[in-house]
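Have a look at the structure below, then the notes.
The values are calculated or read from the model by the stated rules, or taken from the named source; none is laboratory data. This one's a predicted model, so the numbers in the text were calculated from it and none came from an experiment. Reconstructed Cβ throughout: ideal geometry from the backbone, glycine too, with neighbour counts over all protein chains shown.
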Amino acid sequence: MDVLSSQTLRDLACSHGGPHVSIFLPTRRFAPDAVIENERRLKNLLKKARASLIASGLKPAEADALLARAHALAEDRMFWLEAKDGLALYIDGGTRAFRLPVPFEESVHVGERFRIRPLLAAPRADQRFYVLSLSLKRPRLLLGGPEGLRGLTVEEMPAGLEDALRWDDFEKRSLQFHTRTAAAPGGRRPAVFHGSGEPDPKEEITRYFRGIDRVLVEHLDEQVPVIVAAVDYLVPLYREVSGLKSLAPEAVTGSPDGLSDAELHARAFAIAENVFGQHKRASLERAVEQWASPRVVTDPLRVVEAAVERRVETLFVATDAELWGVWRNGDGAPEIHPSKQPGDEDLLDLASALTLQNNGAVHALAPEEMPKREPAIAVLRY
């Protein structure tokens, strides 16, 4: 099945002309009766899509041909075994299916382009992050994304504290041994000891972490956030020595060896989402700072107009906002309706698609996150 990335979303936004079917439904993860329920839901929505396609002018045979692949997926048991919380289907000449951890509201949309707003808040495959599981016995580096974690092999990374110290510079230890330059009677060189007591554990752990960090700084993509997973007292020790520019401010605390990969992923991904949201939050703060300037537009119709004119740099849309109507480019005033009418489209979805087509950024926010509870906010290029 298709993987949702930022580029995939942009490609969907750019697709237009001819019949486009967008289907969204909540799905249940694997359970004895989940496959039957998911299949039934999808088939009911495909019936609605078929009726809409015929109403738009397609012949029944043409509608059936267009939806054939989707019907095959609905009856494919193996497809449903990997169900998540929601399914998005996009059908034009081909069929693209996205199984995502998002419980979509059930809906069908038929028009000349795809509906994309339900995907705006979904996690993307290119939202990658590293997890550095810091154990004194078994450090691990993992690459994460929305779907889970996979281990990475870094040959130069120490296999554990003992391994790191075995190859480290032992002259730095607090207990030193060396021989005199002058021979003692009998030709033997007596040993001379300097210092006393056991090596400092904090110093040894710090040296161990430096060894790990040197390797990571050399090998990791500095644009990808790194999330440390370690017991509480180890996290600040690693931060003190780390030269990683992308180290996340939060960490997964507690023994990582006591977590399953699924548990580790869930906790790390929550931190990663905060990191990924930093750009969105910064953009929203800049919009608020410029609120009174002509570059910030909040009237929904003016937002759509600016998107049509390719002037939107960043668009924020409330997840519950809808603006149903018909937009006429230079051909009279738009028609706006309080609820969806035949031939209508969500004009905020149109604005989102046009912004993406023109390399702008689009963010979906919960209604309570939108300043002044505005349904849409556009920051203009000029």
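The single condition among (1) modelled with pLDDT of 95 or more; (2) part of a loop (DSSP other than H, G, I, E, B); (3) within 22 Å of His109 (Cβ to Cβ) that Ala351 does not meet is (2).
In region 81-107, the residues that are farther than 19 Å from Val35 by Cβ form no Cβ pair under 6 Å with any partner that is loosely packed, with under 14 Cβ neighbours inside 10 Å, whether six or more places apart or across chains. Of all residues in region 85-122, those being touching a Gly at 6+ places or on another chain (Cβ under 7 Å), over 17 Å from Asp320 (Cβ atoms) and assigned to a loop (DSSP other than H, G, I, E, B) number 1. In region 349-369, the residues that are closer than 12 Å to Thr314 by Cβ reach residues that are crowded, with 23+ Cβ neighbours inside 10 Å and of a type in the set (Ser, Thr, Tyr) with C-beta atoms within less than 6 angstrom, at least six apart or across chains, in these pairs: Val362/Ser352; Val362/Thr355. The set of residues in region 232-272 that are surrounded by fewer than 13 Cβ atoms within 10 Å (Cβ to Cβ), out of contact with any strand residue (DSSP E or B) (no Cβ under 8 Å at 6 or more places or on another chain) and either farther than 17 Å from Ser135 by Cβ or not assigned by TED's automatic domain parsing to the domain that holds Glu204 (or both) comprises Glu240, Gly243, Lys245, Pro249, Ala270.
Restricting region 359-373 to residues that are buried (at least 16 other Cβ atoms within 10 Å of the Cβ) and in contact with an Asp or Glu (Cβ under 9 Å, 6 or more places away or on another chain), which is farthest from Ala122 (Cα to Cα)?
So the residue we want is Gly360.
With respect to the stated conditions, Ala292 fails to be of a type in the set (Gly, Ala, Ser), in contact with a Ser or Thr (Cβ under 9 Å, 6 or more places away or on another chain) and over 30 Å from Ser246 (Cβ atoms). A count restricted to region 344-382 and to residues that are touching a Pro at 6+ places or on another chain (Cβ under 9 Å) and basic (Lys, Arg) stands at 1.
Exactly one residue out of Val317, Val297 is more than 19 Å from Ala13 (Cα to Cα) and in contact with a helix residue (DSSP H, G or I) (Cβ under 6 Å, 6 or more places away or on another chain): that is Val297.
Considering the conditions (1) under 25 Å from Glu82 (Cβ atoms); (2) in the same structural domain as Trp80 (by TED's automatic domain parsing), Gly111 is excluded by exactly one of them, (1). Being assigned to a strand (DSSP E or B), more than 20 Å from Ser22 (Cβ to Cβ), in contact with a helix residue (DSSP H, G or I) (Cβ under 9 Å, 6 or more places away or on another chain) and of a type outside the set (Val, Ile, Thr) is a property that Ala364 lacks.
Table: residues versus (1) out of contact with any Pro (no Cβ under 7 Å at 6 or more places or on another chain); (2) buried (at least 17 other Cβ atoms within 10 Å of the Cβ); (3) closer than 30 Å to His265 by Cα.
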{"position": "Ser56", "(1), (2), (3)": "no, no, no"}
{"position": "Pro60", "(1), (2), (3)": "yes, no, no"}
{"position": "Gly86", "(1), (2), (3)": "no, yes, yes"}
{"position": "Phe114", "(1), (2), (3)": "yes, yes, no"}
{"position": "Gln127", "(1), (2), (3)": "no, yes, yes"}
{"position": "Arg138", "(1), (2), (3)": "yes, no, yes"}
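Taking Val303, is it closer than 15 Å to Leu350 by Cα, assigned to a helix (DSSP H, G or I), hydrophobic (A, V, I, L, M, F, W, C) and not assigned by TED's automatic domain parsing to the domain that holds Asp232? Judged against the criteria, Val303 is a match. Here Leu81 clears all of (1) modelled with pLDDT of 95 or more; (2) surrounded by fewer than 20 Cβ atoms within 10 Å (Cβ to Cβ); (3) not charged (D, E, K, R) except the condition numbered (1).
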